[in-house]
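First comes the structure, then the notes that go with it.
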Amino acid sequence: HSIVRYMLQNIQSGQWEVGEKIPSENTLSRELGVSRVSVRNALHQFITLGLMKSIHGKGTFLISDDISAFEAPMESKTKEVGSVDELREILEFRAMVEPVICGKVAVKASPELIQELESLLVTMQNSVGKGKIYVNADQQFHMAICRAYGNSVVTEILESIFGKKAEPYYLLSLANGFYGGIYYHGLILEALKKHDEKKAKTLMQEHLQHGLD
């Protein structure tokens, strides 16, 4: 995504410094020759990852220059073909089941569930680069949603999938970088908070499809 790349370059080079206000949506839109909606979507990704903060009436400020969530670590080169094939099958199964569950749970998402998911998302944000801790929080996030659905058969099947298959997920996180997971989990959490069934279902579908791709 060229807008995201442009923003990362400005952060990496020190052109935008922590604490500084970054150029407005209009300015960025003009400079890059893209729509304001595209700029806003890119900014939202940085805000979700905790790198920027939008203050009403003042603009958007850079609050962190830790862009490690966007980087795929070198260890990802150790992928094994078997693990990749196995992971594809797992994700295909999850893509059939989890979006529907996520949509249904959104309708009745309890404050306790929201609190648990918020806490797991913070753990993911704080464990970028720490593959095992990150993967565990990622899996717990998905399991919390599945448990909230309240179907013991679904819970048992997914617990079995997550319980036995930690290694392929670790490889997936390393290959993708950590950014995708944090970004999508943030969006899914927002949809659950708003009890938006359609959006929760669509976002979970996109999230798992992103893993497949």
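The values are calculated or read from the model by the stated rules, or taken from the named source; none is laboratory data. Predicted, not measured: the structure shown is a model, and the values here were computed from it. Glycine also receives a Cβ, built like all others from the backbone with ideal geometry; neighbour counts cover every protein chain displayed. The protein model used for the area step is the full one, side chains on, heavy atoms only, and it has no ligands, DNA or RNA in it. Shrake-Rupley method; radii C 1.70, N 1.55, O 1.52, S 1.80 Å.
Condition check ((1) in contact with a Leu (Cβ under 7 Å, 6 or more places away or on another chain); (2) at pLDDT 95 or above; (3) open to solvent by 60 Å² or more (accessible area, probe 1.4 Å); (4) under 23 Å from residue 190 (Cα atoms)) across all residues:
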position	(1), (2), (3), (4)
82	no, no, no, no
85	no, no, yes, no
88	yes, no, yes, no
93	no, no, yes, no
103	no, yes, no, yes
127	no, no, no, yes
130	no, no, yes, no
138	no, no, no, yes
157	no, no, yes, no
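Condition first: under 15 Å from residue 117 (Cβ atoms) and part of a helix (DSSP H, G or I). Now tell me which residues in segment 187-198 satisfy that.
187, 188, 189, 190, 191, 192, 193
Sort out which residues of segment 174-201 are under 18 Å from residue 143 (Cβ atoms), at pLDDT below 95 and of a type in the set (A, V, I, L, M, F, W, C), and write them in order of number.
Residue satisfying the conditions is 182 alone.
For the subset of segment 1-35 comprising residues that are assigned to a helix (DSSP H, G or I) and hydroxyl-bearing (Ser, Thr, Tyr), which member is surrounded by the most Cβ atoms within 10 Å (Cβ to Cβ)?
Restricting to residues being assigned to a helix (DSSP H, G or I) and hydroxyl-bearing (Ser, Thr, Tyr), the top hit is 29.
Determine which single condition residue 204 fails, assuming it passes every other condition in (1) surrounded by fewer than 21 Cβ atoms within 10 Å (Cβ to Cβ); (2) modelled with pLDDT of 90 or more.
If we test residue 204 against (1) surrounded by fewer than 21 Cβ atoms within 10 Å (Cβ to Cβ); (2) modelled with pLDDT of 90 or more, just (1) comes out false.
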